Structure formats: structure tokens, C-alpha cells
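Colleague: Structure in C-alpha cells, see below.
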């Protein structure tokens, strides 16, 4: 099956690394940053500045303009894709990663799924050997695959775009696909550039509120386990309660 692999990259010409692991990836870079990416990677797609500056906007631009119907969207800071063999973490080679993507695309097509991804946690405790697949689970932003998906990211909720896309797909199609036996490792919380340029706790809270208002408080919830009045913390990651029967 034909598919394309794309990674939007914003202000990271000196930091992006996904191409070192998967050379087949194409970085999508705005026109005004072209010089910053010269010599970084052979596959660079230069797009208008108006297509960047918002993660949802650039992802929608890729979905609307890439020549392939089947598209994998990666972060530009992927270290590796892996899986657990017993208690040993096996890191896939670049070739093995491509084979896994091909198999995932084929499986998604066979199941009639338009959106699929991988386990969002690389911790062994997050993998249940007897649940290798998920059909109604959250699919994280660093690895998202679209199979002729007509839905588009909500540009107003660009800091929670993966949660919103997960809910959009499940709302319309009642299923997605998560290959829980595989996971990704990336540096999304430590590098400058990208979403870090406009991410803050206040803005995260604002986008969480927008996500909850859009989908309802019975579906979008937050961890309230810390009830200490002396120490106030805020969990920026929502908890999705999907009211659909599935895995």
C-alpha cells in the first residue's frame, strides 16, 4: 500500500532528528525557514508561511495537499519506535519501523479504520500482553496515521489536537485502531521550537476547557486525585472516557 510519512517542523532546523531514524520522512517547513533547513535532510517540503504557526493548520495542509491518500504524521523529534518482548524493550530498526507502518496501514484498511496509532507510553507497565490492539483509545500526536480520513484537526484546539481528532473519529466512525504492542519515544517535552514556542500552563488550561466544552464533561475529565490544599498541581493531560463498546 502506498503511503507518505511527514513531519511538520517549526523553528527546529538544528534540532529535528526523525530523519536520522526514518530517512523516508519528509519535513514540512514554512518558506521563511527554508535556509535553516538547508542541508539538514534531502526530503524537505517547503510550504507557504500561512500554512504554519499552528500545529493543526500545518497538519490539515498536509492532509489536503499531500499526493498520498494514506499519511503518517510524525513529530520531528522521534528517537525510535519500539515494542516489548517480555521485559526487554526491542527498538525497531528503521526498516522494521517501515514494515510495521505498512502492516498497520493494511490492517487499518482491512478493518475499515481511517485513523490509527501506537501506544503513547513506552513504559512496560502501560502494555498489557493480552490486549495488543485497541479500538477506541486515545491516539497521541507524535505518531498518527490517516487512511483516507476526511476529518480535519480543529485549529482552535491546537494544543489538544490529538485528543480532539481521537474523539472526532470515534464520534463518526465508532472505532479507531491503536497498536498497543508498539510505542514511540520522542523528546516533545524537552526541546525548544515547535509547540514549545506557544505552550504554557495557562494556554493548556484554556485548551482543556475548550475540549471539555466541545465534547462534554462526561467524556473529557481531569485527574483530581491530589486534593491537598497546600500543594496545588494541574494535570495538563485530559482523561478520555469513551462511551463506546470496544477495547
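Colleague: Suppose the filter is part of a strand (DSSP E or B), more than 14 Å from the chain's Cα centre (by Cα) and modelled with pLDDT of 90 or more; does residue 181 pass it?
Modeller: yes
Colleague: Only one residue in 66, 7, 35, 51 is out of contact with any helix residue (DSSP H, G or I) (no Cβ under 7 Å at 6 or more places or on another chain) and closer than 29 Å to residue 113 by Cα. Which one?
Modeller: 66
Colleague: Output yes when any residue across region 137-148 is in contact (Cβ under 8 Å) with a residue 40 or more places away in the chain, more than 21 Å from residue 9 (Cα to Cα) and not in a loop (DSSP other than H, G, I, E, B), and no when none is.
Modeller: yes
Colleague: A follow-up question, please. Tally up the residues in region 198-213 that are in contact with a strand residue (DSSP E or B) (Cβ under 8 Å, 6 or more places away or on another chain) and closer than 17 Å to residue 153 by Cβ, please.
Modeller: 2
Colleague: Can I ask one more? Name the one entry in 55, 15, 73 that is over 25 Å from residue 109 (Cβ atoms), within 17 Å of the chain's Cα centre (by Cα) and either surrounded by fewer than 17 Cβ atoms within 10 Å (Cβ to Cβ) or touching a residue at least 60 places away in the same chain (Cβ under 8 Å) (or both).
Modeller: After ruling out the rest, the residue left standing is 55.
Colleague: Out of 90, 97, 126, I need the residue that is out of contact with any helix residue (DSSP H, G or I) (no Cβ under 6 Å at 6 or more places or on another chain) and buried (at least 18 other Cβ atoms within 10 Å of the Cβ). Which one?
Modeller: Result of the check over 90, 97, 126: 97.
Colleague: For region 1-99, which fully contained strands (runs of 3 or more DSSP E) count at least 2 residues that are more than 30 Å from residue 132 (Cα to Cα)?
Modeller: Strands (runs of 3 or more DSSP E) meeting the threshold: 26-30, 44-47.
Colleague: Okay, moving on. Just checking, which of 230, 221, 213 is surrounded by fewer than 12 Cβ atoms within 10 Å (Cβ to Cβ) and at pLDDT 85 or above?
Modeller: The conditions single out 213.
The values are calculated or read from the model by the stated rules, or taken from the named source; none is laboratory data. Please read all numbers here as calculations on a predicted model, not as lab measurements. With ideal geometry, Cβ positions are generated from the backbone for all residues, glycine too; neighbour counts draw on all protein chains shown.
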